Amino acid sequence: MNNLTVGVPVYNCADRLKYFLPSLLSQVYPKKLIDLIFVDSESKDRTRSILDHFKTQHGALYKQVVIDSIPHVELANPTHTLYENCARARNRIVELSPKQNDVLFIDSDVTGPSDAIRNLVRYVRVHNADGSEKCVGWVVQNLHQ
């Protein structure tokens, strides 16, 4: 199995983290191969304190847990604001990720079965052996539904 960065852009998602973090912890992919990176765009709720608590309680399970932040950008269109901040957070995750790692982005409003990460990595290895696919992912369960 390969080293993997799991990158999670976050913003005002304290209410969703109570579902997301247990789902993340349940993953059977070896945690010591995972660099877990959260990038927060200046949340106004308890997102940061929940992530700090998660790192204190569970950080030793992972190769590393990084909690970083970027300035929040407000645009005229709320949808554009969301996309802009998420894109900037993902770019920051790539900057912070060890260069040899594969990178998997997971949004904080999705959960999945315990084998989701392992199966996705396996799928990419089998079906993308030549490296031509650059982005693979899926939504297992959207918590906004």
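The values are calculated or read from the model by the stated rules, or taken from the named source; none is laboratory data. Please read these numbers as outputs of a predicted model, since none were measured by experiment. Positions of Cβ are backbone-derived with ideal geometry, glycine not excepted, and every protein chain shown enters the neighbour counts.
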| note | In region 71-106, anything closer than 12 Å to V10 by Cβ, assigned to a loop (DSSP other than H, G, I, E, B) and out of contact with any strand residue (DSSP E or B) (no Cβ under 7 Å at 6 or more places or on another chain) is listed as H72
| request: Output the residue which, of all residues in region 1-38 that are closer than 14 Å to V103 by Cα and either touching a Gly at 6+ places or on another chain (Cβ under 7 Å) or small (G, A, S) (or both), is surrounded by the most Cβ atoms within 10 Å (Cβ to Cβ). | output: I37
| How many residues are farther than 11 Å from G7 by Cα and either among the hydrophobic types (A, V, I, L, M, F, W, C) or assigned to a helix (DSSP H, G or I) (or both) if we restrict to region 58-70? | 5
| task | Could you run through region 108-119 and say how many residues are of a type outside the set (V, I, T) and crowded, with 19+ Cβ neighbours inside 10 Å? | result | 3
| task | Out of S43, S49, report the one residue that is on the phi < 0 side of the Ramachandran plot, at pLDDT 95 or above and in a helix (DSSP H, G or I). | result | S49
| message | What pairs come out if I take residues in region 67-87 that are over 17 Å from S108 (Cα atoms) and pair them with residues that are among the basic types (K, R) and in a helix (DSSP H, G or I) whose C-beta lies under 8 Å away, six or more apart or interchain? | response | V73/R88
| field | Matching residues, region 1-40, being small (G, A, S) and assigned to a strand (DSSP E or B) | value | G7
| note | Considering residues that are over 20 Å from F105 (Cβ atoms) and surrounded by 12 or more Cβ atoms within 10 Å (Cβ to Cβ), the number found within region 40-57 is 4
| message | Can you find a residue that is farther than 25 Å from R125 by Cβ and either touching a strand residue (DSSP E or B) at 6+ places or on another chain (Cβ under 9 Å) or without any contact (Cβ under 8 Å) to a residue 40 or more places away in the chain (or both) anywhere in region 25-35? | response | no
